[in-house]
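Accompanying notes for the structure given below.
Every number here is computed from the coordinates shown, using simple stated rules; none is lab data. Remember, predicted model here, so these are calculated numbers, not experimental data. Cβ placement follows ideal geometry from the backbone for every residue including glycine, while neighbour counts extend to all protein chains displayed.
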Amino acid sequence: MSKESKFKSKDFVEFKRVFKSFDTDGSGTIDKKEMAKVLGALKLYDSIGKLDDLMKEIDINRDGVISWDEFLDVMVQIKFGGKSNSAFNKVYDKQKQHVITTGKGATKHSFAIEEMCAFSEHINHCLRNDKELKKAGLIPIVTDEKNLGLCHNVRDGLLLAKFINIAVPDTIDERALNKPKGQKSLSLFQVNENMNLVINSAKGIGVKTVNIGATELAEGASHPHLVLGLVWQLVKLQLLNSINLKAHPELVRLLEEGEDLEDLLRLPPEQLLLRWFNYHLKNAGSKRRVTNFSGDVKDSECYTTLLHQIAPGTCDDKALGMSDKRKRAQRVLDNAKKLDVEPFITANDICKGNARLNLAFTAAIFNQCPGLDPMEEEELEKIGLLEDDVGDSREERAFRMWMNSLGLEDFYINNLYEDCADGVQLLKVIDAVEPGIVYWKKVYMKPSNKFKKVANQNYAVLLGKQLKFSLVGIAGQDFVDRKKKLLLAFVWQLMRHHTLKYLAKVQQKTFGGKTVTDQMMVDWANSKVAKAGRTSKMKSLKDKKLKSCKFFLDLLYAVQPKVIDEQYVSEGKTAEDRLLNAKYAISVARKLGAVVFCIPEDLVDVQYKMVLTFVASIMACA
């Protein structure tokens, strides 16, 4: 019997695919350098041991390279010879999570098969009742032999647009979406508009979209790593969106001795989840603690204890007595289903310690059953959680979304006041807005004490003065002390500087490179609307008549008449009509290519700062 005949055809295809992912030069063999590169990429050097020993395990004829036959011989031993604990099996298991695809040129990218399948199942579950997607054949997503079903189904933007609204409700006004009519499919132009709306809406809720354009999404099967990267951010946002003190004040019960409310507020959702997990493990009397969503949970013991602790009458702890890790993991999934947690993760995903999928699974458990006693109003008042300035203000949210959309490496703002307190993140944004202005040798990248944090913030204030910001009475100490109004004032000027600088660049013909003023923006907008034959106008960016949002829709019509469907435009005489106009205006602007960070209420309330950025975003794509 041949080696090939021992395996199913799909296994054989998998082996070939993984072998080629090692053989990066296409020579038909795997040499020591190629193996070292894989170990480095997978971060397995510490757990595998010596590279030479690993090579000897597979290089049977000792010629210094691993041939396809030698590779297959090892796989036979692993699958049928009881060598599942071999060092190479660990490498193979981790590498097989990735499918290697060739992008433009000779660039190679990878994506995790398990994640593509899991997120497809998750989206299927979330959008299972959407009749439009079903009719268009976009739901359910079918996982094909190359695991690219999701990549094919994002081709016209409708699936992603609807999932964005699942992640953050009401982000996209579906009236702005181009949808197929009858048997007629969307034109390339209409698809491009939908993709613009999707990408700019994603930016508006803080998702990084670097290197993702309309073409990459429309041809998703050729760019699976980009599709997966975008979808993962949306899935993560959806599942972690409510893991905060505003949505779940009972998380205050996670406070440890010597901590105050600020200590919890500065924790990102992932850290809050770990704190919550360990809180229940401690209360269950377990000695185990989780510090990550990979190695610490893959034996399923902590999951079993967690589920039994939060729902003892529903979830048993019988898995603790099972020796087979996979059966133990399956028992965990069976218990989770009893709590109505959707089964998008598999037992293998748990056993392998896939960090993304285990984070998503833990968040799904929390969202379904936190297992924390509710807080009484007196308790909340005592610790200050009922104060007006706690939680997301509109400005804080808008500025945070703007910062996150800049696409900076190793950068994410979860809470503006806490995450900017040491100055490092704030300086990164300043350098992104005005490249080269920060002299990084002056910055304490890991400020270990208050003195270093104040030094960073004083430097940030100094740079702000160089940029001609109005900073009277503002010092670095204020940001370290989390004086919210002062930080908001600084970040607003930073965002305004960035917005107007970009506007002057793209509107070179109109403004001749001059610094753009409020009046210049007002004059431009009124002129544009008048030339389009519309009668509405604004006196200033603070004009209270703007609350109807009719002027914004007229301005969008002036930029691109066909983008506005008149049946959705009203005079805005009622509060409901004004809000509908605002929602439509924001989505239409994004459809045109505008990057918008405000919410409809900002336009209806004529919030000056948000109106300025909204009008500027329209000008930038006019």
Could you pull out the trypsin sites (Lys or Arg not before Pro) across region 467-523 that fall in loop regions by DSSP (anything but H, G, I, E, B) with no more than 15 other Cβ atoms inside 10 Å?
LYS468, LYS483, LYS514
Nearest 10 degrees is fine. How inclined is helix 269-283 to the longest principal axis of the chain, computing both from alpha carbons?
50 degrees
Along the charge dipole of region 517-620, which of GLY593, ALA616, GLY572 sits closest to the positive end, that is, farthest toward it, with unit charges on the beta carbon of Lys, Arg, Asp and Glu (+1, +1, -1, -1)?
ALA616
Calculate how steeply helix 424-433 sits against the longest principal axis of the alpha-carbon atoms of the chain, using the helix alpha-carbon long axis, and give the answer as 0 to 90 degrees to the nearest 10.
60 degrees
Roughly how many debye, to the nearest 20, is the charge dipole of region 249-383 about its Cα centre, given +1 on each Lys and Arg Cβ, -1 on each Asp and Glu Cβ, and no other charges?
1200 debye
Apply the Karplus curve 6.51 cos²θ - 1.76 cosθ + 1.60, θ = phi - 60°, to the phi angles in region 153-159 and return the couplings in whole Hz, x for Gly and Pro.
7, 8, 4, 10, x, 5, 4
When a/c reaches 1.5 or more, the comparison of a/b and b/c decides; with that in mind, is region 517-620 rounded, prolate or oblate per its Cα gyration tensor?
rounded
Residues whose placed amide H lies under 5 Å from that of ASP31, excluding near-sequence neighbours:
ILE66
Dividing the mean separation of Cα pairs under 8 Å (6+ apart) by the residue count of region 114-271 yields a relative contact order in percent of 21 percent
Which values, in whole Å and largest first, are the semi-axes of the equivalent ellipsoid of region 249-383 obtained as the square root of 5 times each eigenvalue of the Cα gyration tensor?
27, 15, 13
Reachable aspartates and glutamates from LYS591, Cα under 14 Å, same-chain residues fewer than 8 places away excluded?
ASP156, ASP173, GLU174, GLU193, ASP565
Restricting to Cα pairs under 8 Å and 6 or more apart, the percent relative contact order of the chain works out to 10 percent
In whole Å, what is the distance between the alpha-carbon centres of region 516-592 and region 452-482?
37 Å
Report Rg(Cα)/(2.2 N^0.38 Å) for the chain, keeping two decimals.
1.07
Convert each backbone phi in region 173-182 into a coupling constant with the Karplus relation 6.51 cos²θ - 1.76 cosθ + 1.60 (shift: θ = phi - 60°), then list the ³J(HN,Hα) values in order as whole Hz, x for Gly and Pro.
7, 4, 5, 8, 6, 7, 10, x, 10, x
Pull up the cross-link candidates among the lysines for LYS287, meaning alpha carbon to alpha carbon under 17 Å and not fewer than 8 places away within one chain.
LYS298
Within 15 Å, Cβ to Cβ, of ALA525, how many net charges do the neighbouring residues add up to if Lys/Arg are +1 and Asp/Glu are -1?
+4
For region 394-482, convex hull volume per residue from C-alpha positions, Å³:
102 Å³
Given the chain, longest segment not containing exposed loop GluC sites (Glu not before Pro) (DSSP; at most 16 other Cβ within 10 Å):
410-570
Relative to the Cα centre, what is the charge dipole magnitude of region 517-620, using +1 at the beta carbon of each Lys and Arg, -1 at the beta carbon of each Asp and Glu, and rounding to the nearest 20 debye?
200 debye
